[in-house]
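Contents: one structure, followed by commentary.
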């Protein structure tokens, strides 16, 4: 399975939402960042829906594992972009775009 993650929403330093659609199902990842004094609070929300059998049967184990693995890859890409100091326009405009943030074979 190959998943291409597409940026749906980007608010530099605060919010990043990506989406992937495959034959086997859909996934959406939202990363929320907030300043907390000298630290940062980070929250990741993963939503997914599998299509058809056997994928629905596998959701509890294999599908969840695959999506977590892909989420880690997307997080590494996000970290790289944030640490590079890229401007918001370089990584997303807040509108659905064709920018791909990760392509991963599972």
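The values are calculated or read from the model by the stated rules, or taken from the named source; none is laboratory data. Predicted model only: the values in this text are computed from it and were never measured. Note that each Cβ is placed from the backbone with ideal geometry, even for glycine, and that neighbours are counted across all protein chains shown.
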Query raised in the report: Which residues, taken from the stretch 1-14, are outside any loop (DSSP other than H, G, I, E, B) and either touching a helix residue (DSSP H, G or I) at 6+ places or on another chain (Cβ under 9 Å) or loosely packed, with under 15 Cβ neighbours inside 10 Å (or both)?
Result: 2, 3, 5, 7, 10, 11
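Within the stretch 60-82, is even one residue in a loop (DSSP other than H, G, I, E, B), exposed (fewer than 12 other Cβ atoms within 10 Å of the Cβ) and at pLDDT below 80? Can you show your working first?
Taking the stretch 60-82 and keeping what is in a loop (DSSP other than H, G, I, E, B), we get none.
Looking for residues that are in a loop (DSSP other than H, G, I, E, B), exposed (fewer than 12 other Cβ atoms within 10 Å of the Cβ) and at pLDDT below 80, one finds none in the stretch 60-82, hence no.
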Query raised in the report: Based on what the data block shows, is residue 55 touching a helix residue (DSSP H, G or I) at 6+ places or on another chain (Cβ under 7 Å) and either closer than 15 Å to residue 78 by Cα or modelled with pLDDT of 85 or more (or both)?
Result: no
**Report entry** Members of the stretch 22-57 found to be within 18 Å of residue 68 (Cβ to Cβ), part of a loop (DSSP other than H, G, I, E, B) and in contact (Cβ under 8 Å) with a residue 24 or more places away in the chain, listed by number
**Finding:** 24
